[in-house]
Amino acid sequence: MYKYSVFLAILVILISFSCDDKVPDSDNSTFVEGEGIFIVNEGLYNQANSSVYYYHYAKDSIYPDVFQKANNENIGDVLQSMQISGDKAYLIVNNSGLVRKVNIPDFKHIKTTSGLTSPRQMIKISDSKAYISDIFANKINVYSLSEDKLTGEIKTGRWIENFAMNGKQIFASCPWAFGKPVSKWIYVIDSEKDKLTDSIKTGISPSQVVIDKNGFLWTLCIGNSYDGIKGSLFKSDIKTLKNVDSLHFDQVLNIFNSGMQLNQSKDTLYVMYNDVMKIPVSGKIIAETVVNRQNENFYGLGIDNKRHLLYVTDALNFAEKGKVYIYSKKGKLIKTLSAGYLPNMVIPY
């Protein structure tokens, strides 16, 4: 009887995923609360057509443009990332130099903070403070979550892209600096003092960073096409700030369509640089391909620990609206969703 019940449950899940996603009948339909995923769409440069879509699992429906429909205005130009903190979300709008704070789940606009140069990513440091990276400002912005304003800065002299946190230590990746020698450093920040304290030497142009269950920092490095330096993956001990292992790829990576995510237990790393690979964090670095790229233009990588799913976004030809592919952790394609222009991030909710 138990096996029969399990079979029926699996059959229901497969049937629910087998159909194409549905768009609500009315174009004016607003976001409906329920378990699903937010799809962050950059939009085309200088066209201010950034958007956030929501896929509702129970309704098997896509709700497009949830910000625009909730607020009757556009987000801005190039929505680089989105950070959720409790019942609030922060939209980091790169080319417009903005942070837009919205309520979750209705996506009603609360406040916009301007004055940033070209923001990229946000990391929550505490209930009252966050850091925001920037591509052109050569600094990390210190942002007050309680006051919704910039309160300080950490000078870096270079572009900071991504963050990983271990207690009061923040590890910040530095891909490169325009007009300066290539970078091969991860900066170590004391988040209590908002001060750069140390660094880790990695491969050329470190882009993404995460920390696994064993306390090792993983850094995805882009490489440098001008000098023929290919991409790499470094594993570093955050106690000694020394590298313990590395993996070198067969090509230069693209910072705008490579990615790295850990599963919930932080014992398996998923890396997208062309295909999607999974790597156990313990022992020597051994990579296994789980999703083979065919003709798709993979652009963003997401992981859903609750549903044990992988999300890979497709920017198509960079001129039309993209797609989101839902895979099992073993790489089986389950469903394809519609997205906006240049979908670069998927956030389970």
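Read the figures in this text as sums done on the coordinates, not as results from a lab. Everything numeric in this text was worked out from a predicted model, so none of it was measured. Note: ideal-geometry Cβ built from the backbone for every residue, glycine included; neighbour counts use all protein chains shown.
Take the Cα of Glu35, step 7 Å toward its Cβ, do the same at Lys213, and the gap between the two points is 2.2 nm.
Does the range 201-349 come out rounded, prolate or oblate, given a ≥ b ≥ c as the square roots of the eigenvalues of its C-alpha gyration tensor, rounded meaning a/c under 1.5 and, failing that, prolate meaning a/b above b/c? Don't skip to the end; give the middle numbers.
Values: a/c = 2.08, a/b = 1.33, b/c = 1.56.
Here the range 201-349 falls in the oblate category.
Summary value for the range 209-248: 31 percent relative contact order, contacts being C-alpha pairs under 8 angstrom separated by 6+ residues. A Gaussian network model of the chain, with springs between Cα atoms under 10 Å, assigns the largest mean-square fluctuation among Ala172, Ala339, Ala58 to Ala58. Rounded to the nearest 20 debye, the dipole size of the chain about its Cα centre is 900 debye, using +1 on the Cβ of Lys and Arg and -1 on the Cβ of Asp and Glu. For the range 52-176, the C-alpha radius of gyration sits at 1.08 times the compact-globule guess of 2.2 N^0.38 Å, with N the residue count. Over the range 171-310, Cα pairs under 8 Å with separation of 6+ residues give a relative contact order of 14 percent.
What size of dipole, in debye to the nearest 20, comes out for the range 65-213 about its Cα centre when the only charges are +1 on Lys and Arg C-beta atoms and -1 on Asp and Glu C-beta atoms?
320 debye
If R0 is taken as 30 Å, the Cβ-Cβ distance between Asp106 and His308 corresponds to a FRET efficiency of 0.55.
Highest mobility in the GNM of the chain, judged by mean-square fluctuation with C-alpha springs under 10 Å and restricted to Gly152, Gly322, Gly302, is found for Gly152. For the range 97-146 versus the range 159-180, the spacing of their alpha-carbon centroids is 16 Å. If I take R0 = 35 Å and measure r between the Cβ atoms of Lys239 and Glu296 in this structure, what FRET efficiency does the formula 1/(1 + (r/R0)^6) give, to the nearest 0.05? The value I calculate is 0.30. Please report the relative contact order for the chain, taking Cα pairs under 8 Å with a sequence separation of at least 6, and give it as a percent rounded to a whole number. Once divided by the residue count of the chain, the mean separation gives 12 percent.
Report the full-extension gain for the segment Ser144 to Ile285: residue separation times 0.36 nm, less the Cα-Cα distance, to one decimal in nm.
Taking 0.36 nm per residue and subtracting the Cα distance, the gain is 46.9 nm.
Stretching the chain fully between Glu73 and Gln264 yields a gain of 65.2 nm (0.36 nm per residue, less the alpha carbon separation).
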